[in-house]
1. Ignoring solvent entirely, what values of log10 I(q)/I(0) come out of the Debye formula for segment 25-123 at 0.16, 0.21, 0.22, 0.25 Å⁻¹ when each Cα is a single scatterer?
2. Could you size up the charge dipole of segment 25-136 around its Cα centre, putting +1 on the beta carbon of Lys and Arg and -1 on that of Asp and Glu, and report it in debye to the nearest 20?
Amino acid sequence: MAPYGPHVRETPTATGARLGLGPQDVPAERVVELSTQLQAAAFENKALIARIRELDAVAHGREVSLVEAVREVEAASGEVAKARAELAALRAEVAAARDRLRQIEKEDVETLRAVIAGLEKLLQAPPARPTAGREP
């Protein structure tokens with residue numbers, strides 16, 4: 001039960017009502033309580049600001065790494081495209097060389113056939129008889 005007397009209020013004063021003080025609450029206690037809460041909030045704010053800075057630094061590092069990785073991928077893509085172009089050119093050269101080789105082989109076969117035909121004619125021709133005793 002609350003103490004009764006001429007100096008005890010049963011309802012808060014107008015200022016106490018704005019501060020949310022009960023009839024028995026003392027404004028000084030409320031100030032101490034709010035000051036403690038303010039200090040805790042300020043400490044938490046500092047910790048959060050430090051954490052934000054730390055996360056910003058980590059994010060910046062990741063962005064730099066990402067940009068570098070993108071550059072490397074673009075360079076690798078360029079090299080792959082260049083290698084593909086070189087491979088296509090080499091394939092074209094091989095195809096051209098293969099065609100030239102086939103043409104040379106055809107020419108060699110024709111030449112050999114001509115040589116064989118010539119040799120066959122020489123073998124089929126009647127041998128020339130030497131005329132040992134006659135002179136014209």
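1. Debye intensities relative to I(0), on a log10 scale: -0.91, -1.05, -1.08, -1.15.
2. Once rounded to the nearest 20, the dipole reads 1120 debye.
Values quoted throughout were computed directly from the atomic coordinates according to the rules given, and no laboratory measurement underlies them. Model, not experiment: these values are computed from the prediction. So basically every Cβ, Gly included, is an ideal-geometry build from the backbone, and we count neighbours across all protein chains shown.
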